[in-house]
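For reference, the structure is listed below as structure tokens.
The values are calculated or read from the model by the stated rules, or taken from the named source; none is laboratory data. The shown structure was predicted, so the numbers you read here are calculated from the model rather than taken from an experiment. Glycine gets a Cβ as well: all are built from the backbone with ideal geometry, and neighbour counts include every protein chain shown. Only protein heavy atoms, including side chains, enter the accessible area calculation; ligands, DNA and RNA are left aside. Shrake-Rupley method; radii C 1.70, N 1.55, O 1.52, S 1.80 Å.
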Amino acid sequence: MTLAEFPMARAAGCPFDPPPALRETTEEGPLARVRLWDGSTPWLVTRHAEQRALLGDPRVSADITRPGYPSQAPLPPGGTAISFILMDDPEHARLRRMVTAPFAIKRVAAMRPAVQKIVDDLIDELLAGPTPVDLVQAFALPVPSLVICELLGVPYADHDFFQDNSKVLINREVTPEQRQTAHGALLGYLDGLMGEKIAHPVDDLLSGLARWITAGEMTREEAAQMGVLLLLAGHETTANMIALGTLALLENPGQLALLRESDDPKLVASAVEELLRYLNITHSGRRRVALADIEVAGQVIRAGEGIILANDIANRDPEVFPDPDRLDLRRDARRHVAFGFGVHQCLGQPLARMELQVVYSTLYRRIPTLRLATDLEKIPFKHDGSVYGVYELPVAW
């Protein structure tokens, strides 16, 4: 078996599909060795069943500081503060529980009217303005940015600052020094906000973290780092799902019509799950390292060996999703691994689902003639980022 370089390039003509080389690797078996930027050769796990088994296995570690962990890029000089998603229990569980309540399903459901107003107001602005327009800047990015700012208690007026630095953090091609500078800027910004929340707490998530600090349950640095993660993840991923999902639907007009012409909330929820499965905007794989020898599909992953779980190809596994390369909004896609699996699965998934349900059930109904204002081949895709999407999406109606 040829030792492939990871990550693998997507095909220019198939912007929604996993890289062809990744599919070829999958056909050879559920596990393969790949080479990373530093010459290390971790295991690549491609199939759905093996991924879910490993993501739920306590012998697999998410701790980025462990030897053998397959990092996406060099760590910044002198190291950096570590997010709780890159820790193992009990530290992971201790920090995660401090932000679980705001993302509970009932709390998120209570936010739906506010999110609906944000979406409607932005569509009003679209309809009142000129066309064509870049849907990314005018709609896809503002929606989740406004929502996460409201939830966290971050001033939306600062959105240019945190969006610009977030772009650096998720770009695989920047230097470690550039990444460290962007991270430091965001960490300093959130630390300043934490100081304000400690002095004058209100009803928002950062104030909740401030109360944990005051109670001696977490440090101010831990809280600021938590804020960076939630701010970054809370707008970048959903923004890309809105824009890329819209493009995928415009390229599949029959599916778009199905969604646009239905007021069935079950169909909308199903459409969100299918688009999450089909698009896979996190396309650098989940990274882990084995803590013990683990037998998987006739192979043995040895203790200390790195593991990459390629969710984009697992979500195209025909054993789980028949005819997986077809976008089918009526499909039961709930077993996808777009949000991960196990104790580290995405904390914010209820919020992301709700935002996408509101957007997908509103945008195409209110602008039924929405169309691309350029050729598909001219759209700039984010091949250089750890979060996939489009840099621009010119649309008209």
Q.
Scan region 25-32 and tell me whether some residue there is surrounded by 19 or more Cβ atoms within 10 Å (Cβ to Cβ), modelled with pLDDT of 90 or more and out of contact with any strand residue (DSSP E or B) (no Cβ under 6 Å at 6 or more places or on another chain).
A. yes
(Q) Looking at region 243-260, can you tell me whether even one residue there is within 21 Å of the chain's Cα centre (by Cα) and open to solvent by 30 Å² or more (accessible area, probe 1.4 Å)? (A) no
(Q) Taking the condition of being open to solvent by 30 Å² or more (accessible area, probe 1.4 Å) and within 26 Å of the chain's Cα centre (by Cα), how many residues in region 120-132 meet it? (A) 2
Q. In region 181-211, which residues are open to solvent by 70 Å² or more (accessible area, probe 1.4 Å) and either in contact (Cβ under 8 Å) with a residue 24 or more places away in the chain or closer than 20 Å to Thr100 by Cβ (or both)?
A. Val202, Asp203, Arg211
Q.
If I filter region 51-74 for residues that are open to solvent by less than 20 Å² (accessible area, probe 1.4 Å) and over 25 Å from Ala4 (Cα atoms), do I get at least one hit?
A. no
Q.
If the requirement is being open to solvent by less than 40 Å² (accessible area, probe 1.4 Å), in a helix (DSSP H, G or I), on the phi < 0 side of the Ramachandran plot and not polar (S, T, N, Q), which of these qualifies: Met226, Met218?
A. Met226
Q | Residues of region 242-298 that turn out to be touching a His at 6+ places or on another chain (Cβ under 8 Å) and free of Cβ contacts under 8 Å to residues at least 60 places away in the same chain, as a count | A | 0
Q. What number of residues within region 15-56 are in contact with a Lys or Arg (Cβ under 9 Å, 6 or more places away or on another chain), closer than 18 Å to Gly340 by Cα and charged (D, E, K, R)?
A. 1
Q | So Thr41, is it at pLDDT 95 or above and either among the β-branched types (Val, Ile, Thr) or in a strand (DSSP E or B) (or both) | A | yes
Q. Of the residues Val358, Val395, which single one is in contact with a strand residue (DSSP E or B) (Cβ under 8 Å, 6 or more places away or on another chain) and either of a type outside the set (D, E, K, R) or outside any loop (DSSP other than H, G, I, E, B) (or both)?
A. Val395
**Q.** Test set (1) touching a residue at least 60 places away in the same chain (Cβ under 8 Å); (2) open to solvent by 60 Å² or more (accessible area, probe 1.4 Å); (3) in a loop (DSSP other than H, G, I, E, B) - Ile85 fails condition number
**A.** (3)
Q: For region 341-362, indicate whether the set of residues that are farther than 20 Å from Ile170 by Cα and free of Cβ contacts under 8 Å to residues at least 60 places away in the same chain is non-empty.
A: no
Q: Please specify each residue of region 286-314 satisfying the condition of being more than 18 Å from Glu27 (Cα to Cα), among the small types (Gly, Ala, Ser) and either at pLDDT below 95 or open to solvent by 10 Å² or more (accessible area, probe 1.4 Å) (or both).
A: Ala292, Ala303, Gly304
(Q) Looking at the structure I just gave you, is Glu196 more than 22 Å from His159 (Cα to Cα) and of a type in the set (Asp, Glu)? (A) no
Q: Please indicate, with yes or no, whether at least one residue in region 172-180 is open to solvent by less than 60 Å² (accessible area, probe 1.4 Å), in contact with a helix residue (DSSP H, G or I) (Cβ under 8 Å, 6 or more places away or on another chain) and at pLDDT below 95.
A: yes
